[in-house]
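*Asks:* Quick one: this structure, given as structure tokens, is what I'll be asking you about.
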Amino acid sequence: MLYLPRLSPVRHLDLTKLAHLEGKDSFSLLSALLRMQPARICRVHDPRDADAAGISQRLRKLDRLAQMVFEETGAKDLHVAWLFAHGKFVGGTPVRSPLILMPVELVREDGHWVVRPSQDGVLSFNKVLLQAYAFHQQSPLPSELADEDFDDADREPVAFLTYLYELLQQ
């Protein structure tokens with residue numbers, strides 16, 4: 001979760017690759033998830049559309065992997081990662097890491113793949129990134145950031161980004 005040079009085809013899926021399948025852009029998918037609403041991705045099986053069939057197959061594999069992790073560990077570990085930090089820490093250590101993690105569930109409804117926010121999960125900072133930042137800055141990690149659950153944040157994307165910006169400035 002600290003350095004992802006590229007997305008793994010088995011464990012990761014870019015929202016921008018999903019957006020056009022239902023005639024929406026990736027920002028509208030993200031907006032729905034931020035507002036705690038489900039977002040339809042594509043048909044579970046559509047042989048007429050090669051893109052949808054390929055994405056559906058990848059979603060099926062991702063869903064199986066998430067179910068396997070849950071059965072083995074009891075952890076629901078499927079997240080939408082939003083806002084990536086790219087660059088280097090002091091000292092030259094490279095970083096390419098998500099900043100915000102949103103727990104989600106992948107379900108099949110009415111013949112479509114749907115991603116919806118997890119009811120038991122909350123938005124959170126990527127704690128691995130925060131710890132690494134504190135380590136490289138040689139300063140303690142502010143507990144306000146580590147414990148932030150974004151309950152007070154407006155869930156409209158632009159307002160959320162403003163809230164996040166002000167929080168990080170403080």
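*Asks:* At a temperature of 10 °C and a viscosity of 1.306 mPa s, determine how fast region 88-138 diffuses translationally according to Stokes-Einstein, using the Kirkwood radius over alpha-carbon pairs as Rh; express D in µm²/s, rounded to the nearest whole number.
*Replies:* This corresponds to a translational diffusion coefficient of 119 µm²/s.
*Asks:* Can you work out ³J(HN,Hα) from phi for every residue in region 40-49, in order, using Karplus 6.51 cos²θ - 1.76 cosθ + 1.60 and θ = phi - 60°, giving whole Hz and x for Gly and Pro?
*Replies:* Per residue, the Karplus-derived 3J(HN,Hα) values read 6, 9, 6, 5, 5, 9, 9, x, 7, 10 Hz.
*Asks:* Leaving out ligands and nucleic acids, and using a 1.4 Å probe, what accessible area per residue does the chain come to in Å²?
*Replies:* So the chain comes to 61 Å² accessible per residue, rounded to a whole number.
*Asks:* By average Cβ neighbour count within 10 Å, what is the ranking of 149-161, 1-13, 50-62, 29-41 from highest down?
*Replies:* Put in order of decreasing packing, that is 29-41, 50-62, 149-161, 1-13.
*Asks:* Extending each Cα 7 Å along its Cβ direction at GLN137 and HIS45, get the distance between those two points in nm, one decimal.
*Replies:* Placing both labels 7 Å beyond Cα along the Cβ direction yields 5.2 nm.
*Asks:* Of the listed pairs LYS17/LYS61; LYS61/LYS88; LYS24/LYS88, which have alpha-carbon separations greater than 28 Å here?
*Replies:* With Cα atoms farther than 28 Å apart: LYS61/LYS88; LYS24/LYS88.
*Asks:* Once Lys and Arg get +1 and Asp and Glu get -1 on their Cβ, which of SER56, LEU30, HIS45 lies farthest toward the positive end of the dipole of region 24-121?
*Replies:* Selected residue: LEU30.
*Asks:* I've got another one for you. Just how large is the dipole of the chain about the Cα centre, in debye to the nearest 20, putting +1 at every Lys and Arg Cβ and -1 at every Asp and Glu Cβ?
*Replies:* Its charge dipole is roughly 840 debye.
*Asks:* Ok, one more. Just to be sure I understand, if you calculate semi-axes √(5λ) of the Cα gyration tensor in Å for this structure, which of [x] 32, 19, 18; [y] 30, 18, 16; [z] 27, 22, 18 do you get?
*Replies:* Matching the structure shown: [y].
*Asks:* Also, I was wondering about something else. Taking the Cα centre of region 81-170 as origin, sum charge times position over the Cβ atoms of Lys and Arg (+1) and Asp and Glu (-1), and report the length of that vector in debye to the nearest 20.
*Replies:* It comes to approximately 640 debye.
*Asks:* Right, next: When the helices in the chain are scored as -39500 (n - 2.57) per DSSP H run of 4 or longer and the sum is shared across all residues, what 222 nm value do you end up with, to the nearest 500 deg cm²/dmol?
*Replies:* The helix-only estimate for the chain comes to -11500 deg cm²/dmol at 222 nm.
The values are calculated or read from the model by the stated rules, or taken from the named source; none is laboratory data. Only a predicted model underlies this, so the values are computations on that prediction, with no experimental measurement involved. No Cβ is skipped: glycine too gets one built from the backbone with ideal geometry, and neighbour counts run over all protein chains shown. What goes into the accessible areas is simple: the full protein's heavy atoms, side chains included, and nothing from ligands, DNA or RNA. Shrake-Rupley method; radii C 1.70, N 1.55, O 1.52, S 1.80 Å.
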